[in-house]
Amino acid sequence: MSFSEEGHSHESLKDQGTGSHEKFEDYKIIVYPFGKYEIKIRLTPSNEFLGVEEIKINKDFLSFKQKITKKGFHDVSKFYKK
Amino acid sequence: MFYQKEMEKILRFGDVLRGYIFINTTIKKPILDIPKEKEDNYKIYVEIPKYSAVLTPCCSIGEGKKITLCPLEIVKSDFLKNPNWIKDLTKINREMEPEEALPPEKWKDLKEDEQKKRKEEGRGYVELDYFIYDENELFDEYPIKDKNIKYYMIDFKKAYSIKCDMIKRPEKTKPEDVIIKSKILQLTIEARGELRDKIAYYYGRVPEEDKVLED
């Protein structure tokens, strides 16, 4: 009996994670930017909507002006006069 | 690394140059009318700094045959009082924790409220007007606080523009041009980024009173 006849062919093993025999889900997750939010959406391989995974704040929504005003600076000039 | 090992044969933002003049001007008061008599109202000093830094952004170098320069000067001796900075004065170019911004004994002297307020600010720049140029063998050494160092700094307030017909767009610049011979050091991309970030912050600060109007 050959190795592949025992059911150890590439086709039968390719979806099995080493050790865990994990079952891979048949979906993909994409990140969709929406205003100041980022929405993670679950889709089928053929791009059919399955559900919303996560909504989080898009940290890049701040304008340049907001970014620079957010950053502080330390006024220490009186300690370094000369 | 602060300086590029192999320099490009064109001028870049942050380059260190030799051989340029610096015009130091002072006036007693604004000249609103043409004076009828000779009046000693202003003074113009021409200096030749040992080194100058290019402050024109790379993409604008060569426009109008003008370039913005800033003289390199010796660092403030008080900077060496901070043991957090003494090993590497270029730390002053980057944001730091509030505790690092002061000598430890000065930090301890601050009232608890003041320490808390500064800690709430988080990381931030210090000495906004200044950018430190790291030590390099090409720089002259000078004594300061019983040490000999080769650090130099630029003061953004001293930036000025100079015109020279030899200043050209990079694509028209030739390696043998005298302008390229005047270039002695080029910053690495990282150091140039630090200079860009700090000078952008220096000019980009929004005054408190304008923030109120925006809200």
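So here's what we get for this one:
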read-out: Accessible area of the range B:1-133 belonging to carbon and sulfur atoms, whole % at 1.4 Å probe; value: 51 percent
read-out: Whole-Hz couplings from phi, Karplus 6.51/-1.76/1.60, listed for the range A:37-43; x for Gly and Pro; value: 10, 10, 10, 8, 10, 9, 10
read-out: Phi-based couplings in Hz for the range B:168-174 (Karplus 6.51, -1.76, 1.60; Gly and Pro marked x); value: 10, 4, x, 5, 9, 7, 10
read-out: Whole-Hz ³J(HN,Hα) from phi, Karplus 6.51 cos²θ - 1.76 cosθ + 1.60, for the range B:53-67, glycine and proline x; value: 10, 7, 10, 7, x, 3, 5, 9, 5, x, 5, x, 6, 10, 9
read-out: The protein assembly as shown - charge dipole about Cα centre, Lys and Arg +1 at Cβ, Asp and Glu -1, debye rounded to 20; value: 1580 debye
read-out: C-alpha long axis of helix B:112-121 to longest principal axis of chain B, angle in °; value: 50 degrees
read-out: Between helix B:189-204 and chain B: long-axis angle, C-alpha atoms, 0 to 90°, nearest 10; value: 80 degrees
read-out: Semi-axes of the equivalent ellipsoid for the protein assembly as shown, Cα gyration tensor, largest first, Å; value: 52, 28, 24
read-out: Accessible solvent surface per residue of chain B, calculated while the other protein chains remain in place, 1.4 angstrom probe, Å²; value: 61 Å²
read-out: Area hidden from solvent between A and B (accessible, protein heavy atoms only, 1.4 Å, total, Å²); value: 2000 Å²
read-out: Amide hydrogen neighbours beyond the local backbone of B:I149, cut-off 5 Å, H modeled; value: B:Y142, B:I144
read-out: Contact order relative to length of chain B, as percent, for alpha carbon pairs under 8 angstrom and 6 or more apart; value: 30 percent
read-out: Positive-pole candidate from B:M96, B:F79, B:C59, dipole of the range B:31-116, charges at beta carbon; value: B:C59
read-out: GluC sites (Glu not before Pro) within the range B:150-192, DSSP loop, no more than 14 other Cβ atoms inside 10 Å; value: B:E176
read-out: Residue-level accessible surface for B:Y45, protein heavy atoms, 1.4 Å, Å²; value: 110 Å²
read-out: Computed magnitude of the charge dipole of the range B:82-153 (debye, nearest 20; Cβ of K, R +1, Cβ of D, E -1); value: 220 debye
read-out: Three-way shape call for the range B:69-215 based on the alpha-carbon gyration tensor, with the a/c threshold at 1.5; value: oblate
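The values are calculated or read from the model by the stated rules, or taken from the named source; none is laboratory data. These figures come from a predicted structure and were not determined experimentally. Cβ atoms come from the backbone with ideal geometry, glycine included; neighbour counts cover every protein chain shown. For the accessible areas, the whole protein counts, side chains as well, though only heavy atoms, and no ligand, DNA or RNA atoms are used. Shrake-Rupley method; radii C 1.70, N 1.55, O 1.52, S 1.80 Å.
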